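The values are calculated or read from the model by the stated rules, or taken from the named source; none is laboratory data. Remember, predicted model here, so these are calculated numbers, not experimental data. Using ideal geometry, Cβ is built from the backbone for each residue, glycine included, and neighbour counts are taken over all protein chains shown.
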Amino acid sequence: MTILNQEQTKRICERVLALSKADECIVSVGGSREGNIRFARNAVSTAGLAENTAVTVQVAFGKRQGTASINEYDDKSLEKVVRRAEDLARLAPENPEFMPAVAKQAYKESATFSAKTAAIDPEFRAQAAAYAIEACRKNKLVAAGFFTDSTAFSTVANSNGVFGHQQQTGLDFTCTVRTEDGRGSGWVKRSALDASRFDAREAADVAIEKALRSVDAKAIEPGRYTVILEPAATSELIGFMMSGFDARQTDEGRSFLSKKGGASRLGDKLFDQQVNIWTDPWNPDVPVLPWDAQSLIARERVDIIKDGKVNALDYSQYWAKKKGVKPTATPGNLIMAGTNKSTAELIANTKKGILVTRTWYIRLVDPQSVLLTGLTRDGTFYIENGKIKYPIKNFRFNESPVTMLNNIEEIGKPVIIGGDEVAYQMAIPPMKVRDFNFTSLSDAV
Amino acid sequence: MERRTFLNVGSLAFGSLLVPVFGRAIAAEELLAPMAVTAKKALADVAMNAATKAGASYCDVRIGRYLNQYIITRDLNVENVTNTESAGVGVRVICNGAYGFAATSDMSADGIAGAARQAVAIAKANARLQSEPVQLAPVKGAGEVAWATPVVKDWRAVPIKDKAELLIAANKAGMDAGANFMQSMLFQVNQQKYFASTDGSYIDQDLQRLWAPLSATAVDKASGKFRSRSGLSTPVGMGYEYLDARAQDKIKAAGGVATLYTKSYDIVEDARAAGRDAKRKLTAKSVAPGKYDLMLSPEHLFLTIHESVGHPTELDRVLGYEANYAGTSFATLDKWQSKNFKYGSPLVNIVADKTTPGSLGNVGYDDEGVKCKRWDIIKDGILVNYQATRDQAHIIGEKESHGCSYADSWSNVQFQRMPNVSLQAGKKALSPDEMVKDIKKGIYIVGDGSFSIDQQRYNFQFGGQLFYEINNGKIGQMLEDVAYQSNTQDFWNACTAICDERDWRMGGSFFDGKGQPPQISIVSHGSSTARFNGINVINTARKIG
């Protein structure tokens, strides 16, 4: 019984809140069922199903706070977890920045559940792997990949009357296809909330085509190039940049959004006019829970970058109080405005440029300018007169997403892309960007 | 590679937890009571009997209880104190030549037997897609044995108040020395691991690890510039005694530019230095890009070793099992088979070793019940071996496993993870100060910074914490905006000097990520200060807006 319904979790929350003797109590009940299949060298290497649940109790006595969790729901266990949290709260030092539990919130439901995804079984997973493996065997290619799906529920409540319950589903598929001689490699990623929007055959074909086209890559000189960046190439760069939107960091002078003299760049036009990035828990493509799991503040639609201007910063409860503004929920998704143009159209409109399938091993080099380094991988091609001419060797880049979003020439149609190292669900368009800075060549295929 | 932060580890995917934890949070007083070995043996036997009855030809059982505590401080405040626990059983079987794995937190006999039967069912299903049967290198059953990290002071017995006060004292020292903001943390880990297998092993291990990272940030509001300096400690496989600083464990960096630490760490002293250094960085000279002779301190070089030698010599990557995630490796089997692949200059000797005292990878037995040992990876510059588990040993002609199996939780399947991989000290007497004398145009780098390498481990870029120019045999002023780029083979072949064993010490990582679903591992890398000639240095300063 991993997935509990609202009635069941409400009863658990009420029991916990009644048991608590602390000044305030916050309770969270969650559970998930996650299936996966992993394959490599054209064979399945592992497959599994993991189920997990937890009830987490956070209590406070004055400014002392304690947290404990347990994975059983009987009365005795609930009493135990409440007492453990209270014991820890008594041991913990006072936190001068402690903020009380939020007042009752209105959570407008978001469409985070798909019955079709929840019904995914081992056969479905095996079939997703089989499409790639069989097609690769036929084409003398080698497939490696991972398919994972999850069904989960999340319930939150506190002693001020907050209550929210919702179910979520999701799936991710990644596949790397390599030629047998190791001279070509292609990759694809697909993320979906609803399994009916996932086509394993289509996905595998993309990776296969990229692998076949990428053989015998030519070396071209590093330098600044016009690039067409597929969504997987920019999503992590943009995700990295968002950590600089914290209001406290900005006000304290520790963000790229801090300005000389102590002011922030809020309201400044820091990006190209075409750049519009917002968060919206109810977005039909990438819906997320309508609350922030840390603060329990209700999420809202927020324009983070509007027509190239920095439009909003994230305010924690503590910093909001200090600054006399409204605290904000941490975004769960990022949506970037695009057009109806396909990646192929962006290529067709390009005289000379480079197509980048994905970027890899991205790390922050300098937080002052959000300078990031990383590499291209699994499908980098030279474009001439609107056509892909030949594969090229991978590059290392040293580039800031701020600069990248200033140099946009053309934007395509957003696609759903799950985060890798950043935590957001995203809808990001392919982009044509001028002067993207490649600093060295990589021999990696 | 560190793909996820420590705080996210083990948090449930549904994201509803109120605090980031890596297990179930528990009260402090419960941390010290271990589960009886007899009870663990009985449970392991239940699983093995159920598995063999269901048709398994092999079964191993890992009963884990993972206890952790983390304390996070910012400036003069304690932001979070959390104790966590995670306990359960993982059962791995071979049936019909294929692996199966299942895990459960239900530690009743029925629950464990059920997991064993489920593992067998999964193995049978996987066998249909198997191209060749799993072949395990033989392991002689260890019988009933125990191993524990040698610990002088158990972190579980140190009051939270004392630990919090130490971190706050460090933050205060950093702020007094010039930092505008300080953060310090204490991560403490206890893994109670019981391994049993149908080979006849019943191995009980009690492991302890600790890490105390810090960061100092200085801000110049007038110019809008900010710079940070991280701590120069290393995560260790030791007890709380690591934080009882001893004078004999302190050494001076070349030219006295920093105080460095070996077997114990003075966090307050380092925080003070970090505050001072962060402020100095605000006015340091921006580096002129070009070719330099780099002098790399072990606090920095460990990460370069990790990325450019540790990962490429993992046999599962070489074979293609990580192709979809962390990537493959340039160090292919044909290069190893040639017996003359020049990975580095003849000075470069790199060993794998899970027996180094105080290291993160130091255990008695790996997660397949293989007794840990030491072996050569690169000898006199030549690639001579990889890192292998039981099912890989035959591929490289080995008769026994290297003992490189690890799982980050009872609930995850064990797989190949790197042991401690270390550069051996130079054979000729040479100190860091003597090394400087011979460098005309160089940069001395201390501490690890940003790091990135391609998916076959050729092209890399590293930053650092402290950079000093070297001019005509003398250490000069502090530099900033420094990163170096190279190709792994070019870099290691450019190694022209390594300080002797007096300078040898370890760095390490708590969060080395790999696998799908991803798992983290812990690993140390030792070295002495080493010199690399003619490496390309770039200037990372940028202007935006």
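Can you pull out the residues in segment B:187-230 that are outside any strand (DSSP E or B) and within 13 Å of chain A (Cβ to nearest Cβ)?
B:Lys221, B:Ala222, B:Ser223, B:Gly224
Within segment A:413-421, does at least one residue satisfy the condition of being in a loop (DSSP other than H, G, I, E, B) and buried (at least 23 other Cβ atoms within 10 Å of the Cβ)?
No: zero hits.
I'd like to check which strands (runs of 3 or more DSSP E) are fully inside segment B:440-491 and have at least 3 residues that are of a type outside the set (A, V, I, L, M).
Counting at least 3 such residues, we get B:441-446, B:459-462, B:466-471, B:474-480, B:482-487.
Take the residues in segment B:271-323 that are aromatic (Phe, Trp, Tyr) and over 18 Å from B:Gln416 (Cα atoms), then tell me which one is surrounded by the fewest Cβ atoms within 10 Å (Cβ to Cβ).
Residue satisfying both the conditions and the ranking: B:Tyr292.
Considering only residues that are more than 10 Å from every other protein chain (Cβ to nearest Cβ) and either more than 31 Å from the chain's Cα centre (by Cα) or at pLDDT below 95 (or both), look in segment B:93-105 and name the one that is surrounded by the most Cβ atoms within 10 Å (Cβ to Cβ).
Out of the qualifying residues, it is B:Cys95.
Identify, please: which residue in segment B:520-545 is touching a Lys or Arg at 6+ places or on another chain (Cβ under 8 Å) and within 14 Å of chain A (Cβ to nearest Cβ) and is, among those, nearest to B:Trp211 (Cα to Cα)?
If we take residues in segment B:520-545 being touching a Lys or Arg at 6+ places or on another chain (Cβ under 8 Å) and within 14 Å of chain A (Cβ to nearest Cβ), then B:Ile520 is nearest to B:Trp211 (Cα to Cα).
Would you mind finding the one in B:Ala87, B:Ala54, B:Ala50 that is small (Gly, Ala, Ser) and within 28 Å of the chain's Cα centre (by Cα)?
B:Ala87
For segment A:286-298, which positions are surrounded by 18 or more Cβ atoms within 10 Å (Cβ to Cβ) and assigned to a loop (DSSP other than H, G, I, E, B)?
Scanning segment A:286-298 gives A:Val286, A:Pro287, A:Val288, A:Leu289, A:Pro290, A:Asp292, A:Ala293, A:Ser295, A:Leu296, A:Ile297.
Which number in (1) aliphatic (A, V, I, L, M); (2) surrounded by fewer than 23 Cβ atoms within 10 Å (Cβ to Cβ); (3) more than 12 Å from chain B (Cβ to nearest Cβ) marks the one condition that A:Val227 misses?
The number of the failed condition is (2).
Of B:Glu165, B:Glu241, which residue is assigned to a helix (DSSP H, G or I), more than 14 Å from every other protein chain (Cβ to nearest Cβ) and of a type in the set (Asp, Glu)?
When all the criteria are applied, what remains is B:Glu241.
Sort through A:Leu88, A:Leu49, A:Leu78 and tell me the only one that's farther than 30 Å from B:Ala119 by Cα and within 11 Å of chain B (Cβ to nearest Cβ).
A:Leu88
Filter segment A:418-442 down to the residues that are in contact with a helix residue (DSSP H, G or I) (Cβ under 7 Å, 6 or more places away or on another chain) and at pLDDT below 95 and list them by number.
Passing the criteria: A:Gly419, A:Asp420, A:Glu421, A:Val422, A:Tyr424.
I need the full set of residues from segment B:90-110 which are of a type in the set (Gly, Ala, Ser) and part of a strand (DSSP E or B), in order please.
Result: B:Gly90, B:Ala98, B:Gly100, B:Ala102, B:Ala103.
Checking the structure you have, find out if any residue of segment B:299-309 is touching a residue at least 60 places away in the same chain (Cβ under 8 Å) and assigned to a loop (DSSP other than H, G, I, E, B).
no
Only one of B:Lys153, B:Lys140 is modelled with pLDDT under 95 and either assigned to a loop (DSSP other than H, G, I, E, B) or assigned by TED's automatic domain parsing to the domain that holds B:Asp448 (or both). Can you tell me which?
B:Lys140
Looking only at segment B:480-522, count how many residues are among the hydrophobic types (A, V, I, L, M, F, W, C), more than 18 Å from B:Gln456 (Cβ to Cβ) and buried (at least 23 other Cβ atoms within 10 Å of the Cβ).
The number of residues fulfilling the criteria is 7.
Somewhere in segment B:159-176, is a residue closer than 30 Å to A:Gly253 by Cα, polar (S, T, N, Q) and in contact with a Lys or Arg (Cβ under 9 Å, 6 or more places away or on another chain)?
Yes, there is a match, as at least one residue in segment B:159-176 is closer than 30 Å to A:Gly253 by Cα, polar (S, T, N, Q) and in contact with a Lys or Arg (Cβ under 9 Å, 6 or more places away or on another chain).
Would you call B:Glu79 surrounded by fewer than 21 Cβ atoms within 10 Å (Cβ to Cβ), in a strand (DSSP E or B) and of a type in the set (Asp, Glu)?
yes
Considering only residues that are over 30 Å from A:Lys76 (Cα atoms) and not in a loop (DSSP other than H, G, I, E, B), which ones fall in segment A:39-50?
A:Phe39, A:Ala40, A:Ala43, A:Val44, A:Ser45, A:Thr46, A:Ala47, A:Gly48
Go through segment B:324-339 and count every residue that is surrounded by 14 or more Cβ atoms within 10 Å (Cβ to Cβ) and under 24 Å from A:Ala143 (Cβ atoms).
The total comes to 10.
If B:Gly174 satisfies every condition in (1) part of a strand (DSSP E or B); (2) surrounded by 21 or more Cβ atoms within 10 Å (Cβ to Cβ); (3) touching a helix residue (DSSP H, G or I) at 6+ places or on another chain (Cβ under 8 Å) but one, which is the exception?
(1)
Take the conditions free of Cβ contacts under 8 Å to residues at least 12 places away in the same chain, acidic (Asp, Glu) and surrounded by fewer than 23 Cβ atoms within 10 Å (Cβ to Cβ) and apply them to A:Glu7. Does it pass?
yes
Within segment A:1-38, work out how many residues are assigned to a loop (DSSP other than H, G, I, E, B) and within 11 Å of another protein chain (Cβ to nearest Cβ).
Number of matching residues: 2.
Of all residues in segment A:155-166, which are crowded, with 20+ Cβ neighbours inside 10 Å and assigned to a strand (DSSP E or B)?
Matches in segment A:155-166: A:Thr155, A:Val156, A:Ala157, A:Asn158, A:Gly164, A:His165, A:Gln166.
Look at A:Lys326 and say whether it is part of a loop (DSSP other than H, G, I, E, B) and crowded, with 17+ Cβ neighbours inside 10 Å.
It is false that A:Lys326 is part of a loop (DSSP other than H, G, I, E, B) and crowded, with 17+ Cβ neighbours inside 10 Å.
Of all residues in segment A:348-398 being within 10 Å of chain B (Cβ to nearest Cβ) and free of Cβ contacts under 8 Å to residues at least 12 places away in the same chain, which is surrounded by the most Cβ atoms within 10 Å (Cβ to Cβ)?
By that ranking, first place goes to A:Asp366.
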